[in-house]
Amino acid sequence: MHATPGYSAEKQQVIARLKRIEGQVRGLQRLIDEDTYCIDVLTQVAAVSKALQGVGLHLLDEHLQHCVAGAAASGDTDRTTELVHEATKAVERLLRA
């Protein structure tokens, strides 16, 4: 069972960022629908990707500061090791994206 997510205090800010990204994706759809020049579309794809990476990095930071640090402070070395491993896997996924 997982504890309260580290981003709970900033949940509305994360949702707002995701809604802006959702708007950017709709904008991409519109660009394609309007037969926009490929390079201009690719520029916007890169912007959406960067925005999503920013959210991912923010969530990773919250995980490290809240979940991992909390486990470490509690002295639960097994849980700390597990959470660090999870964070490492998350970084691997972010780097592949």
**Complete:** If each K or R counts +1 and each D or E counts -1, the residues other than residue 41 whose Cβ falls under 12 Å of its Cβ total -3
**Fill in**
Cross-link reach from residue 19 to lysines, straight Cα distance under 16 Å and at least 8 residues apart if same chain, gives 11, 50
**Asked** At 222 nm, what helix-only mean residue ellipticity would the chain give, in deg cm²/dmol to the nearest 500, using -39500 (n - 2.57) for each DSSP H run of four or more?
**Response** -26000 deg cm²/dmol
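Considering Cα pairs under 8 angstrom that are at least six residues apart, work out the relative contact order of region 10-96 and quote it in whole percent.
25 percent
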**Fill in**
Check: C-alpha center region 18-34 vs C-alpha center region 50-82, spacing in Å is 31 Å
**Item:** Dipole in debye (nearest 20) - the chain, about Cα centre, beta carbon charges: Lys, Arg +1; Asp, Glu -1
**Value:** 160 debye
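No value in this document is a laboratory result; all are computed from the given coordinates. Since the structure is predicted, the reported quantities are computational estimates derived from the model, not experimental observations. Methodologically, a virtual Cβ is constructed for each residue, glycine included, from the backbone with ideal geometry; neighbour enumeration extends over all protein chains shown.
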